[in-house]
Amino acid sequence: MSFFEAVAACFSKYATFSGRASRAEFWWFALFNILAALMLLNLVASFAGPEIGQNAVFIYNLVILSPSLAVGARRLHDMGHSGWWQLLYLTGIGSLVLFVWMMFAGKPESNRFGEPVVVEVD
């Protein structure tokens, strides 16, 4: 899955918390969000000041909250975990646990969340 395919898939499934997501889909979307937030911060801060830039990034983060939670839940489903495990983000050490979990490959067999994600190799 390419960068643009992953971003398009995450925004098209912005409220789909069922199913599974590949590592590529999750991490490409995470990279997109980091780059978009940095660009937004720098662009707005250069014209309106750093406080306004930080407010713009806060609003951007609110806008992408649903797609981010949805792809995170689908990624956890790919590994056989419930999407509710994302509540660990609210703790300090839990964020590290989720970061490591998101790096592992998904289960190759079907699970209670659906069929495995087909990864196309170019």
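Listed conditions (1) open to solvent by less than 50 Å² (accessible area, probe 1.4 Å); (2) free of Cβ contacts under 8 Å to residues at least 24 places away in the same chain; (3) within 14 Å of the chain's Cα centre (by Cα) are all met by Val63, apart from (1).
In this structure, does Phe47 turn out to be assigned to a helix (DSSP H, G or I) and either open to solvent by 30 Å² or more (accessible area, probe 1.4 Å) or under 23 Å from His77 (Cβ atoms) (or both)?
Values: assigned to a helix (DSSP H, G or I): yes; either open to solvent by 30 Å² or more (accessible area, probe 1.4 Å) or under 23 Å from His77 (Cβ atoms) (or both): yes.
When the stated conditions are applied, Phe47 passes them.
Output the residues belonging to region 1-58 that are of a type in the set (Asp, Glu) and at pLDDT 95 or above. None - no residue of region 1-58 is of a type in the set (Asp, Glu) and at pLDDT 95 or above, so the list stays empty. Every residue in region 14-29 that is part of a loop (DSSP other than H, G, I, E, B) and more than 19 Å from Val63 (Cβ to Cβ), please. Across region 14-29, the qualifying residues are Ser18, Gly19, Arg20, Ala21, Ser22. Under 9 Å by Cβ, and 6 or more places apart or on different chains, what pairs join a residue from region 36-48 that is more than 25 Å from Phe3 (Cβ to Cβ) with one that is among the charged types (D, E, K, R)? Going by the 9 Å Cβ cut-off, the qualifying pairs are Ala45/Glu51.
Taking (1) surrounded by fewer than 17 Cβ atoms within 10 Å (Cβ to Cβ); (2) in a helix (DSSP H, G or I) in turn, Lys107 satisfies each apart from (2).
The values are calculated or read from the model by the stated rules, or taken from the named source; none is laboratory data. Please read all numbers here as calculations on a predicted model, not as lab measurements. Quick reminder, even Gly has a Cβ in these numbers, built from the backbone with ideal geometry, and neighbours come from all protein chains shown. What goes into the accessible areas is simple: the full protein's heavy atoms, side chains included, and nothing from ligands, DNA or RNA. Shrake-Rupley method; radii C 1.70, N 1.55, O 1.52, S 1.80 Å.
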